[in-house]
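**Student:** Handing you this structure, nothing more for now.
We did not get these values from a lab; they are worked out from the coordinates using the rules stated. Predicted model, so just to flag it, every value in this text is computed and none were measured. Methodologically, a virtual Cβ is constructed for each residue, glycine included, from the backbone with ideal geometry; neighbour enumeration extends over all protein chains shown.
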Amino acid sequence: MAINVKVFDMAGNEVGTMDLNEAVFGAEINKAVLHQAVKTYLANQRQGTQSALTRAEVRGGGAKPWRQKGTGRARQGSTRAPQWTHGGVVFAPKPRSYRLLMTKKAKRAAIVSALSSKVASGNLIVVDKLELEEIKTKKVVAMLKALNATDSTLIMSEDTNRNLVLSANNIPGIATATSKIFNVYDILKYDKLVISKDAVAKLEEVYA
């Protein structure tokens, strides 16, 4: 079964319709696997290089500051204990990996759910071609305005389009991706998905 959507050109004119594969663009939205995909993506962006010194690693503090009894002050064994200035850090962070993994089946389910959510919310806009002869931000701005997608939009082409990427680079709230290199987080992060017919065909070929 297919889902019929309108197809526009870069000027915002309706130039026809297209059937979307329901297995890719009309699947049941799995919120649990979407949450897992976003959590995995964000965790894998973390560098994990934060480091601080524990009391065992701070230089100095070997001598007892004052005798144990008779001074009226609290007993202290080292000036490098956490409560002292220049003391060590309690449970100091150390370099570690935050990397999480997802199975191929779960990744596929997340991608299909994300794409289906865009269709279900009416935020998928199919364009017949995404082509720019030169690097011109004005042309991308004009296209987005014509398609009513100026605020928060992910533009997806089939392959890397240098002119498109560089033209859209400095437009606030706009990002680019290809049907080969994208992630679930970006699809969900941006309100609308402007996608070329070729990219739709590639996604259906891979995920149907």
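**Student:** Nearest 5 percent is fine: what portion of the DSSP beta bridges confined to the chain is antiparallel?
**Tutor:** In the chain, approximately 30 percent of DSSP beta bridges are antiparallel ones.
**Student:** Further question on the same structure: Given the alpha-carbon gyration tensor of the range 48-97, what are the semi-axes of its equivalent ellipsoid in whole angstrom, ordered largest first, with each equal to the square root of 5 times an eigenvalue?
**Tutor:** They are 29, 9, 6 Å, listed largest first.
**Student:** Please give the net charge around Glu57, taking every other residue with its beta carbon less than 15 angstrom from that of Glu57, where Lys and Arg add +1 and Asp and Glu add -1.
**Tutor:** +4
**Student:** What is the set of long-range amide H partners of Asn169 at a cut-off below 5 Å, with H atoms built 1.01 Å from backbone N?
**Tutor:** none
**Student:** Compute the signed sum of charges (Lys and Arg +1, Asp and Glu -1) over the other residues within less than 10 Å, Cβ to Cβ, of Leu193.
**Tutor:** Neighbour charge sum, excluding Leu193 itself: 0.
**Student:** By how many degrees, between 0 and 90 and to the nearest 10, does the Cα long axis of helix 197-207 differ from the longest principal axis of the chain?
**Tutor:** 60 degrees
**Student:** A further question follows. At q = 0.11, 0.17 Å⁻¹, what is the base-10 log of I(q)/I(0) for the chain according to the Debye formula with one equal point scatterer per Cα and no solvent? Please give it to two decimals.
**Tutor:** -0.62, -1.12
**Student:** Now for a separate question. Which of the GluC sites (Glu not before Pro) across the range 12-76 are loop residues per DSSP, with 10 or fewer other Cβ within 10 Å?
**Tutor:** Counting only loop positions with at most 10 other Cβ atoms within 10 Å, the GluC sites (Glu not before Pro) in the range 12-76 are Glu28.
**Student:** For Gly16, what charge total do you get from the other residues with a beta carbon under 9 Å from its beta carbon, if Lys and Arg give +1 and Asp and Glu give -1?
**Tutor:** Here the count lands on -1.
**Student:** Let me understand the range 8-116 better: what is its radius of gyration from the alpha carbons, and its Dmax, in angstrom?
**Tutor:** Computed over the Cα atoms of the range 8-116, radius of gyration and Dmax are 28.5, 92 Å.
**Student:** Of the GluC sites (Glu not before Pro) in the range 103-208, which ones lie in a loop per DSSP and count no more than 15 other C-beta atoms within 10 Å?
**Tutor:** Those that pass, being in a loop and sparsely packed, are Glu131, Glu133, Glu134.
**Student:** What's the center-to-center distance, using Cα atoms, between the range 134-208 and the range 96-125 in Å?
**Tutor:** Spelled out, the Cα-based centre of one part sits 17 Å from the other.
**Student:** Scan around Gln76 for amide H atoms under 5 Å from its own, H built in the peptide plane at 1.01 Å from N, and keep only partners 5 or more places away or cross-chain.
**Tutor:** It is Trp66, by chain and number.
**Student:** Tabulate in residue order the Karplus-calculated ³J(HN,Hα) for the range 125-137, using 6.51 cos²θ - 1.76 cosθ + 1.60 with θ = phi - 60°, rounded to whole Hz; enter x for Gly and Pro.
**Tutor:** Values per residue, Gly and Pro as x: 10, 9, 10, 5, 8, 10, 10, 10, 6, 8, 7, 8, 4 Hz.
**Student:** Taking Cα pairs under 8 Å and at least six residues apart, what relative contact order does the chain come out at, in percent?
**Tutor:** Here the relative contact order equals 25 percent.
**Student:** Could I ask something else about it? Would you work out the relative contact order for the range 48-97, in percent, from Cα pairs under 8 angstrom that are 6 or more residues apart?
**Tutor:** Relative contact order, the range 48-97: 50 percent.
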